[in-house]
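Visitor: Pasting a structure here, questions to come.
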Amino acid sequence: MSAAASSIDRRGEVGVAVGAMHLTVLNAEVFRFPAPWVFPPAELPYSILRLIRSGTGEIAFDGLRVSVAAGDLVLIHEGAVLSCRATSSDFSFGSIRFSASLDAHGSVAIDPVLSACSDAGKDPVIRQNFDAVIDAWERGGVGRSLLTSGHLSVVLGTAAEMMERREIKAPRPRRRGIRTPARARDPRIIRVVEHLLSDLRRTPDARTLCSLAHMSESTLRRTFKDQTGKTIIEFLREARIAFAARRLALTAEPIAAIAAQVGMADANYFARSFREVLGMSPTEYRRLTAET
């Protein structure tokens with residue numbers, strides 16, 4: 001968390017336009033991070049919608065800081081520099097990573113109409129559809145893309161209507177350091193991302209990925225980094241660690257078994273990667289979550 005972060009009106013508008021929009025869900029999970037968990041600043045190559053389930057935490061983006069608690073709905077737009085930390089022992093939230101485009105060419109949606117943070121997560125319609133996104137993502141299957149984008153549309157649309165009914169028209173917050181995403185969302189990279197996330201045990205095969213994207217290997221690597229902000233290996237490692245953290249918190253499965261589920265059977269490599277991403281070992285993480 002940046003020491004220079006300042007406060008933000010919880011009604012500050014940082015959202016995306018919800019009309020005539022194509023939504024693509026990239027990942028949906030529930031996370032449980034007890035204090036002293038801290039996520040260091042990182043620029044987002046996608047938008048994130050979070051619904052706080054329990055405990056308290058702080059979420060900072062672009063020099064602004066938001067204190068959050070159970071029932072809060074938080075929207076962080078693509079291009080923001082995000083960091084966050086837990087401020088209680090029972091901090092947990094649902095998280096949906098998604099891209100939003102306004103047309104068939106993939107032009108990124110940036111119009112702000114939703115609050116950066118509100119208590120909209122207490123609304124039963126929003127909560128039910130938020131949970132439905134996560135359920136559909138976890139089930140997988142041929143209908144996952146349609147189901148997740150449909151439920152996410154209901155969440156964003158309902159939240160926008162709530163803000164309109166409340167006549168919340170707060171000024172836009174100061175966006176220090178934000179990079180307005182001018183590039184188009186490349187559907188070829190979306191296909192690659194969906195393939196990577198569909199089976200975290202799988203070792204990426206360059207030939208398969210290139211075939212999915214209809215690109216040469218060098219073009220794919222360059223375009224993937226431009227679109228996601230990460231290399232293919234970095235992106236996959238982050239997704240694997242996020243899945244492993246959830247299994248550690250919610251199950252009693254052996255750490256070695258969880259590591260194997262995400263394609264990281266080497267125990268030393270798994271432990272080292274886990275620490276690099278979350279700042280603690282898998283054993284320490286499990287112990288902290290078990291104490292809450």
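Visitor: Largest first, how would GLU29, GLU43 line up by accessible area (1.4 Å probe)?
Guide: GLU43, GLU29
Visitor: Could you compute the FRET efficiency for ASP119 and SER153, with r as their C-beta to C-beta distance and R0 at 22 Å, rounded to 0.05?
Guide: That gives a FRET efficiency of 0.60.
Visitor: State in Å² the accessible area per residue of the range 220-266; use a 1.4 Å probe, count heavy atoms of protein chains only, and round to the nearest integer.
Guide: Per-residue accessible area for the range 220-266 comes out at 45 Å².
Visitor: When the label point is put 7 Å from the Cα of GLN261 along its Cα-to-beta-carbon vector, which residues of the range 128-162 have a backbone N closer than 18 Å?
Guide: Only 134-141 pass the distance filter.
Visitor: Moving on. For the residue pair SER198 and ALA252, what label-to-label distance in nm results when each label sits 7 Å from Cα along the Cα-to-beta-carbon direction?
Guide: Distance between the two pseudo-spin positions: 3.5 nm.
Visitor: On full extension of the chain, what length is gained from ARG188 through ALA42, given 0.36 nm per residue of separation minus the C-alpha to C-alpha distance?
Guide: Here the segment from ARG188 to ALA42 would lengthen by 50.2 nm.
The values are calculated or read from the model by the stated rules, or taken from the named source; none is laboratory data. Please read these numbers as outputs of a predicted model, since none were measured by experiment. In this analysis, Cβ positions are derived from the backbone assuming ideal geometry, glycine residues included, and neighbour counts consider all displayed protein chains. With ligands, DNA and RNA removed, areas are computed over all heavy atoms of the protein, side chains included. Shrake-Rupley method; radii C 1.70, N 1.55, O 1.52, S 1.80 Å.
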